[in-house]
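Working notes for the structure below.
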Amino acid sequence: MAAMPDDRLADVLALGEQLAALDEAGVALDLGFAPGPLRPQLDVLADQLSRRIGGTESLTDVFADPALQAPAGYRQLLGAWLSGADLSSALESRRVVCASREAHRSRMSLGLFYPVLVAVLACVGVATMCRYLLPIFESTYAQLNEPVSAAVSRLQWVRASAPLWLVLALVALVGGVLWARHGFAGWRVVPAREKSNPPLLAWATTSGSAGDLQAVDDFYDGLDRRRSNRWTTYGPLLAVVFIGGGATLLYCLTLFLPLVELLGRLAS
């Protein structure tokens, strides 16, 4: 990060107030802070800065310290602003990128809904088979004086253990809902600019002009959008293949194997 004049501390604290106000107004910027209200985290950061700048450390040294509770996104925004970049443009760029990520989260949620629905319907179908079709299979084998087939035995095991797997299914369903509301809401592709100080961004921050900083920031924004698009495209596709397809395959095997084995017994 370029050297920061120590008399800019008041500007840094004022920027924190502006960011907190934007957060309270519902403007998401995704600067790398922990989920939750931004003001308490910025207050902690402001307290650290005030105490350390009041000692022997300079503003530049403080922000170069990895122990400072300031995420990479905030450090880079601050460095660009203090190097002369337009703050409004930088904040608008962050807002647009964050809105794009929210759209990607919505796409991911909708994309995962279908395979989960298929899996739930497959469980309902197996439970229906155990309730209505399994007694018919058992009665047929009893009339034939034949032991039940392997597929029917598996259905009997499913019926006998129904309380256990119904409880597990309920726990999984509740856990999935909670994850969708809280855990998935915090899902994000880690921005490329936040990964170990990329060389291009490091160059623009230390020796580039304000125009260079904006161009590099736009480059990383585009890179992050492309990575998010890949996640939201291939993630739901893989879920459809493995979750939806797997549930459909198991349901079909559960439905047709007992019939095939019964027809084989009748034919012999």
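Quick note: the coordinates plus some simple rules give every number you see, no bench work behind them. Values in this document were obtained by computation on a predicted structure and should not be read as measured data. Neighbour counts are summed over all protein chains in view; Cβ atoms, including those assigned to glycine, are modelled from backbone coordinates with ideal geometry.
Give me the net charge for the shell around ARG95: Cβ to Cβ below 12 angstrom, other residues only, Lys and Arg +1, Asp and Glu -1. Mind dumping the intermediate values first?
Numbers: positive: ARG94, ARG101; negative: ASP23, ASP30, GLU92, GLU102, ASP221.
In short, -3.
Whole-Hz Karplus ³J(HN,Hα) for region 224-234, in order, using 6.51 cos²θ - 1.76 cosθ + 1.60 and θ = phi - 60°, x for Gly and Pro?
Result, rounded to whole Hz: 5, 5, 5, 5, 5, 4, 5, 4, 6, 8, 7.
Taking 0.36 nm per intervening residue step and subtracting the Cα-Cα distance, what contour gain separates SER139 from LEU121 on full extension? Each step should come with its number before you reach the end.
Numbers: separation 18, 0.36 × 18 = 6.48 nm, distance 2.66 nm.
Result: 3.8 nm gained on full extension.
Determine ³J(HN,Hα), in whole Hz, for all residues of region 122-129 in sequence, where each value follows from phi through the Karplus function 6.51 cos²θ - 1.76 cosθ + 1.60 and θ = phi - 60°; x replaces Gly and Pro.
Karplus values, whole Hz, x for Gly and Pro: 5, 5, 4, x, 5, 4, 5, 5.
Where does the charge balance sit around LEU42 when Lys and Arg score +1, Asp and Glu -1, over other residues with C-beta under 12 Å from its C-beta?
So the environment of LEU42 carries a net charge of -4.
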